[in-house]
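**Student:** Starting off with a structure, shown below.
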Amino acid sequence: MESQDHPNVVVQPKSAGISIILTILFGPVGLFYASVTGGLVMTVATFLLSLMTFGLAFFIMWPITIIWGAVAVSEYNSKLHNLPNTENNNHTPQKSAETEFKFNSSKDNKNASGIDYDFIDKPLRSNLEIDKTIKATLESKMKKCPMCFEEIKYLAKKCKHCQYVIDENKYNEVLKGKVLELRTKYKKENENIAHNAIKFTQKHLSSNAVNKKIKKHFKDNYEISHYLPYVGYFIIKKGDKNYLGYIHRFGEYKGIVNKESPLYTQEVKNWLEKNGIHVE
Ligand SMILES: [Zn+2]
């Protein structure tokens, strides 16, 4: 569990729209939103070049700052998206969780909190999707003809090279075994996804910053009653009412999900229904 003296640090993605508006309105000064370095460089450069060119450079530098701003925001956000969480690396963004994350996953795919980051971002597969995946896997698979050793389709009952016909009973038995093997594999994968999503949610919920926000919203007498098998979702129970809570991927508490929110996904809806939980 996370210690209480390391509160979560909230890192928001930047908006390309805001950057474009700011740079259109304020030129190089507006670039400070997207990039402090960019803002400094362009402000000084625009000032000096405009002096030298009697203001002409002004019209060239202005569009450059708009583009620079948009690119800087996009780079900033893509860096942000590569971080599994922001807690440990907020002060050293270059050394970043990206390396830490790789380092952790190369050990045994787990970090100290027992979360397997290979799994937390994968969606759960429904039974229907598992069946589809098994079918697609078998259809694309090849096997060797036991008679001529040429490659034939895994699902073939007759070799197209030597016309050898595979024994019907043997064929069915092997196929049944293979389907079972694949189904077990995908079910196990689902379990891992759910397990890690829950672990991830629990970890962030235990942080001081998130806790404070929930307390502020619910005052008192609430409890976390369920963790959903999807990253960041949990159920807050207050009195006889349930609320769907959500923590952002970066550990930022997003609050209560209402039914109009895109976060109230079909999967979440199905899960709630299956578990008989009605949320406000
Ligand atoms: Zn053959």
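The values are calculated or read from the model by the stated rules, or taken from the named source; none is laboratory data. A quick note: this is a predicted structure, and the numbers were derived from the prediction, not measured. Positions of Cβ are backbone-derived with ideal geometry, glycine not excepted, and every protein chain shown enters the neighbour counts.
**Student:** So for the stretch 107-121 (the condition being at pLDDT below 80, in a helix (DSSP H, G or I) and more than 17 Å from the chain's Cα centre (by Cα)), does at least one residue qualify?
**Tutor:** yes
**Student:** Of all the residues that make up the stretch 147-168, how many are near the ligand (Cβ under 8 Å from one of its atoms), closer than 25 Å to K135 by Cβ and of a type in the set (A, V, I, L, M)?
**Tutor:** 1
This table checks each residue for (1) part of a loop (DSSP other than H, G, I, E, B); (2) at pLDDT 95 or above.
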residue: I134; (1), (2): no, yes
residue: E139; (1), (2): no, yes
residue: P146; (1), (2): yes, no
residue: I152; (1), (2): no, yes
residue: A156; (1), (2): yes, yes
residue: H161; (1), (2): yes, yes
residue: N169; (1), (2): no, yes
residue: E173; (1), (2): no, yes
residue: K176; (1), (2): no, yes
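**Student:** I would also like to ask the following. Collect the residues in the stretch 227-245 that are under 23 Å from the mean Cα position of the chain (by Cα) and at pLDDT 90 or above, keeping them in residue-number order.
**Tutor:** Y227, L228, P229, Y230, Y233, F234, I235, I236, Y243, L244, G245
**Student:** Let me ask something else. Only one of these conditions is not met by K187: (1) in the same structural domain as K132 (by TED's automatic domain parsing); (2) surrounded by 20 or more Cβ atoms within 10 Å (Cβ to Cβ). Which number is it?
**Tutor:** (2)
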